[in-house]
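See structure below.
The values are calculated or read from the model by the stated rules, or taken from the named source; none is laboratory data. Since this is a predicted model, take the numbers as computed values, not measurements. Positions of Cβ are backbone-derived with ideal geometry, glycine not excepted, and every protein chain shown enters the neighbour counts.
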Amino acid sequence: MVKNQFTIITLFPNAFNDFMQTSIIKRAISKKQISIDIVNIRNFADNKQQQVDDAPYGGGNGMVLQALPIINAINNVKLKRPNAKTILLSPQGQQWNQRLAYQYSQQNINYILVCGHYEGIDERVMPYIDEELSIGDYVLTGGELPAMVIIDCITRLIPNVIQHQSHLNDSFSNSLLDYPTYTRPEEVLGMKVPAVLIGGHHEKIAQYRHQQALINTYKKRIDLFKKYQLSTKDKIIIEEYKASLKKSKRKEK
């Protein structure tokens, strides 16, 4: 029995065709580690034209998804999966992050992902929604891309989908960004792989990677860096990095 089941309620079922046939997602489906079902909102329209949107009451631009087709779609899924958690992909929701991805990947809960579109959905759908999630502070044309992002994030963290070691050092897993990585050839356009990575000394490599992760986070995401609990050695690494920056600036002058 598949423990991690995703049902996507959407206006655009074909948007997920390539997603389900690619890379880790395809393998996870074939191994029955996850399942993805697609439900077309238009199948629950109450008219021959399968129209599921209308103009907003009170006036305004754009169209609003009607309540009843979405409610009926959710209820139909819950006939088979009564304990499924219903999530609306919305810019108004809680912001998705790696911590939430870990939580969701460990829960073995069935998920119903509702993809909004147009100017939003009729507010009367909200009593049927357990949680709203957003993948960032920006607006997309619909919830299809956020649904893919969330399924991808959760799937790769499900035990045995990928090697456990592969995501231990993921960016954001411990409030640090990942360290820089390299592969063959050893030199590209005069740029060489750091010697420590070639030497085969595992302890030195681990130290180097931690050092680079600290510096990477300090340079690119100071907001994350401030959340990280620095050890005495970490503080020395950052002070040395700051000193090297000052030295470089003096040379430039």
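Figures for the structure shown
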| read-out | value |
| --- | --- |
| Every pair of residues 6+ apart whose Cβ atoms lie under 8 Å, when the first sits in region 200-211 and is free of Cβ contacts under 8 Å to residues at least 24 places away in the same chain while the second is among the hydroxyl-bearing types (Ser, Thr, Tyr) and assigned to a helix (DSSP H, G or I) | none |
| Flag if residue 30 is more than 12 Å from residue 155 (Cα to Cα) and free of Cβ contacts under 8 Å to residues at least 60 places away in the same chain | yes |
| Any hit, region 5-24, residues being assigned by TED's automatic domain parsing to the domain that holds residue 145, within 23 Å of residue 156 (Cβ to Cβ) and assigned to a loop (DSSP other than H, G, I, E, B) | yes |
| Residues of region 3-35 satisfying the condition of being out of contact with any helix residue (DSSP H, G or I) (no Cβ under 7 Å at 6 or more places or on another chain) and exposed (fewer than 15 other Cβ atoms within 10 Å of the Cβ) | 3, 14, 17, 18, 21, 22, 23, 27, 30, 31, 32 |
| Leading residue by the ranking (nearest to the chain's Cα centre (by Cα)) among those in region 77-125 that are assigned to a strand (DSSP E or B) and exposed (fewer than 15 other Cβ atoms within 10 Å of the Cβ) | 95 |
| Hits in region 219-253 - residues which are hydrophobic (A, V, I, L, M, F, W, C) and either assigned to a helix (DSSP H, G or I) or touching a residue at least 60 places away in the same chain (Cβ under 8 Å) (or both) | 222, 224, 225, 236, 237, 238, 243, 245 |
| Region 128-170: number of residues that are touching a strand residue (DSSP E or B) at 6+ places or on another chain (Cβ under 6 Å), part of a loop (DSSP other than H, G, I, E, B) and modelled with pLDDT of 95 or more | 3 |
| Where residue 44 falls short, out of the listed (1) touching a helix residue (DSSP H, G or I) at 6+ places or on another chain (Cβ under 7 Å); (2) surrounded by fewer than 19 Cβ atoms within 10 Å (Cβ to Cβ); (3) farther than 22 Å from residue 155 by Cβ | (2) |
| Pairs with Cβ under 7 Å, 6+ apart, first in region 75-94 and under 12 Å from residue 147 (Cα atoms), second of a type outside the set (A, V, I, L, M) and modelled with pLDDT under 95 | 88/116; 89/116; 90/116 |
| Filter pass, residue 176 being modelled with pLDDT of 95 or more and of a type in the set (A, V, I, L, M) | no |
